[in-house]
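Visitor: I am attaching a structure below and will ask some questions about it afterwards.
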Amino acid sequence: MRTLVVIPFAALLLGILLELALGRILSRRWKGRLAFIAGLTAFGAVLALIPSIQGGQAVQFDLGWWDEGVGLALYVDGLSLIFALMATGIGSAILLYCITYMAHEETGTTRFYGLMLAFIGGLVGLVFSANLLVAYLCWEIIGLCSYFLVGFWYQRKEAAVGARKVLIITHAAGYGFLIAILLVYQSTGSFLWTSAEMSGAFTGAVFFLMLIAAMAKSVIFPLHTWIPEAMNAPTPVSALLHSACYVKAGIYLAARMYSFGGWQPEWNSAVMALGCVTMIVGALFALVQTDLKRLLAYSTISQLGYILTGLGLGTPAGIAAGLFYCLSHGIFKGTLFLCAGAVQHATGTRDMRQLGGLEQRMPGTHRIWLVAAAAIIGVPLTNGFVAKWLLYSAALTSGQGLVVLLAWLVSTFTAFYILKATVSVFYGRLPDELRGQDIHDASPTMLAGMGFLAVLALVFGLAPQLLMKWLVVPAGQGLGMAWPVEVTWLGLQTGAMTLLTTAAAGITVLAFGAGWVFYRLTRRARSSDVPVFTGGDPLPEGDRVGAVDFSELAGTTFGDAYRLLDPDPLYMGVWRGLQAAAGWAADRARGLENRAVLVWIVGALLLAAAMWIW
């Protein structure tokens with residue numbers, strides 16, 4: 001079983017080496033196939049580890065010691081496996097999608113696939129490492145890979161600027177993780193978080209330093225502003241960044257801190273507050289977007305707020321809800337990004353004001369999008385519904401009614417902006433600008449990558465007990481938590497304390513079903529050319545309610561909130577101040593260079609005076 005722990009690293013490293021060695025020989029498609037095979041091999045090895053972590057067990061493997069307290073020690077428990085499965089499983093689906101998506105890219109494909117495999121390997125290394133120093137190394141590997149991938153089209157100014165912003169914000173906050181590790185080492189003499197002394201070293205300072213690093217990585221307010229700029233990357237990068245690897249690294253660190261020691265009540269309150277604010281901010285800014293990928297980027301911020309809120313509850317039910325939501329988000333958000341990439345690939349744009357009527361031209365992409373859209377909204381029979389319901393139930397049983405109210409409010413915003421995106425992209429008439437183009441559906445490999453994730457969203461919506469039994473419950477047990485509630489089909493809970501929430505879930509499902517039946521029985525056949533009724537006069541011929549209408553409505557309604565909740569002007573002010581200070585220092589330094597003898601004399605006199613005073 002220990003050998004299986006090493007196989008994911010070996011497969012991904014071999015894939016990187018083969019990409020570099022055969023880059024001049026292989027075609028662009030074969031480079032994609034090679035990367036997919038490497039990712040799939042790693043995924044298979046991680047899957048094979050599932051039986052070994054049941055009952056809260058873990059697989060430990062020491063690869064050797066470099067120095068005192070510094071060793072390559074691996075520790076794989078249920079929590080590690082959840083994030084490794086997201087990295088390798090969703091990553092493999094994205095790599096399958098890349099085979100066609102990147103086939104038309106004339107240069108840089110060797111670099112692209114090598115970095116994608118290193119990106120996946122970085123997260124696997126982070127979650128498998130028992131050594132905090134090695135974990136920090138993997139943390140920075142993920143950051144560097146994201147920098148190079150976001151700036152893949154570095155000739156474009158917006159891509160270079162976006163990559164720089166990603167690196168600066170996340171790397172600067174990452175020093176909090178490093179300082180916390182050094183504080184732990186000072187107290188324990190070891191970098192292993194599995195050591196018995198770790199709980200004594202897990203102080204409030206260590207907690208909040210690690211939390212700051214996790215906030216930047218997982219786009220938690222107010223360290224979230226880098227993620228919209230990262231949308232200048234190729235869409236597979238955005239999908240891997242948002243669903244599987246980058247933003248999930250911070251969530252892993254937040255969850256793993258339950259292994260380090262007991263949390264103080266105020267720590268839970270702080271994490272819950274950050275989660276609630278983040279889910280609101282992300283949803284509000286998503287409402288006003290007209291760029292499809294930027295809308296999904298802000299949606300990621302909001303959804304990660306849900307996950308952090310679940311972890312912040314601190315109860316076994318809350319942590320289980322947060323981890324189930326984390327898995328579910330990886331599945332449906334990866335699907336949505338890949339669909340957005342297929343639309344941009346076919347039309348040449350992701351501006352929703354220039355899209356519409358793609359339902360007939362891209363039927364496969366349309367169907368897959370609908371499944372993922374239903375999941376993120378929380379429609380019954382999808383994993384998103386189960387994730388939200390578990391979170392609501394955990395908050396209610398913890399007495400956090402305000403959390404439930406805020407989460408429900410944000411869910412209505414989510415339904416609004418996803419509906420906006422769906423209508424703007426797939427329904428209505430095809431814009432005149434697109435009528436002359438040869439718009440066709442995504443290729444079979446692209447549809448296979450998206451479709452695989454969409455099927456998982458349905459499977460784990462119908463039978464969420466599969467995830468709960470084999471992954472979420474062992475992860476909670478590994479963190480010292482017991483999961484007292486049995487989850488059955490459709491996410492219904494059978495525990496004695498969850499009778500009311502189960503009954504409410506049943507009523508919700510019945511209401512959706514009754515509404516659909518009523519709609520099918522009462523709707524009348526209509527032509528697609530019937531004008532849209534807007535509450536007054538019908539729209540003019542050829543006009544439609546589109547993305548700009550929704551965005552203007554939200555912008556007018558929440559204008560003051562947008563100005564208040566955007567920290568970017570503050571960050572840019574600090575950035576310009578640092579640039580000015582650096583420029584001033586450079587000017588002074590150049591002046592001193594011209595007076596080198598005088599500088600030496602003054603320096604020697606100051607040094608002599610200091611020594612005399614001392």
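Visitor: If you check every pair at least six apart or on different chains, which have Cβ atoms under 6 Å apart with a residue in the stretch 75-98 that is open to solvent by 10 Å² or more (accessible area, probe 1.4 Å) first and a residue that is β-branched (V, I, T) and in a helix (DSSP H, G or I) second?
Guide: Once the first residue is open to solvent by 10 Å² or more (accessible area, probe 1.4 Å) and sits in the stretch 75-98, its partners that are β-branched (V, I, T) and in a helix (DSSP H, G or I) give L85/V46; L96/T445.
Visitor: Any residue at all in the stretch 119-135 that's open to solvent by 50 Å² or more (accessible area, probe 1.4 Å) and part of a helix (DSSP H, G or I)? Give the derivation first.
Guide: Residues of the stretch 119-135 open to solvent by 50 Å² or more (accessible area, probe 1.4 Å): 133.
Imposing the further condition that a residue be part of a helix (DSSP H, G or I) reduces the set to 133.
Looking through the stretch 119-135, at least one residue is open to solvent by 50 Å² or more (accessible area, probe 1.4 Å) and part of a helix (DSSP H, G or I).
Visitor: Across the stretch 536-552, what is the number of residues that are assigned to a helix (DSSP H, G or I) and either in contact with a helix residue (DSSP H, G or I) (Cβ under 8 Å, 6 or more places away or on another chain) or at pLDDT 75 or above (or both)?
Guide: Going through the stretch 536-552 one residue at a time, the tally reaches 4.
Visitor: So, T414, is that one of a type in the set (S, T, Y), touching a residue at least 12 places away in the same chain (Cβ under 8 Å) and either over 14 Å from A373 (Cα atoms) or surrounded by fewer than 20 Cβ atoms within 10 Å (Cβ to Cβ) (or both) or not?
Guide: Numbers: of a type in the set (S, T, Y): yes; touching a residue at least 12 places away in the same chain (Cβ under 8 Å): yes; either over 14 Å from A373 (Cα atoms) or surrounded by fewer than 20 Cβ atoms within 10 Å (Cβ to Cβ) (or both): no.
No: the conditions fail for T414.
Visitor: Criterion first (touching a residue at least 24 places away in the same chain (Cβ under 8 Å), assigned by TED's automatic domain parsing to the domain that holds Y417 and either surrounded by fewer than 24 Cβ atoms within 10 Å (Cβ to Cβ) or touching a His at 6+ places or on another chain (Cβ under 7 Å) (or both)) does G364 satisfy it?
Guide: Spelling it out, G364 is indeed touching a residue at least 24 places away in the same chain (Cβ under 8 Å), assigned by TED's automatic domain parsing to the domain that holds Y417 and either surrounded by fewer than 24 Cβ atoms within 10 Å (Cβ to Cβ) or touching a His at 6+ places or on another chain (Cβ under 7 Å) (or both).
Visitor: Something else now. Using the structure shown, decide if A163 is small (G, A, S) and either closer than 30 Å to Y101 by Cα or part of a helix (DSSP H, G or I) (or both). Before you say what the answer is, go through the steps one by one.
Guide: Numbers: small (G, A, S): yes; either closer than 30 Å to Y101 by Cα or part of a helix (DSSP H, G or I) (or both): yes.
Yes.
Visitor: Any residue in the stretch 470-482 that is under 30 Å from V76 (Cβ atoms), in a loop (DSSP other than H, G, I, E, B) and of a type in the set (G, A, S)? Quick ask: steps written out before the conclusion?
Guide: Residues of the stretch 470-482 under 30 Å from V76 (Cβ atoms): 470-482.
With the extra rule that they be in a loop (DSSP other than H, G, I, E, B), the set shrinks to 479-482.
Now restrict to residues that are of a type in the set (G, A, S): 480, 482.
The answer is yes; a qualifying residue exists.
The values are calculated or read from the model by the stated rules, or taken from the named source; none is laboratory data. The structure displayed is predicted, hence computed values, not measured ones. Ideal geometry is used to build each Cβ from the backbone, glycine not excepted, and the neighbour counts take in all protein chains shown. Side chains are part of the model used for accessible areas, which takes the heavy atoms of the whole protein and leaves out ligands, DNA and RNA. Shrake-Rupley method; radii C 1.70, N 1.55, O 1.52, S 1.80 Å.
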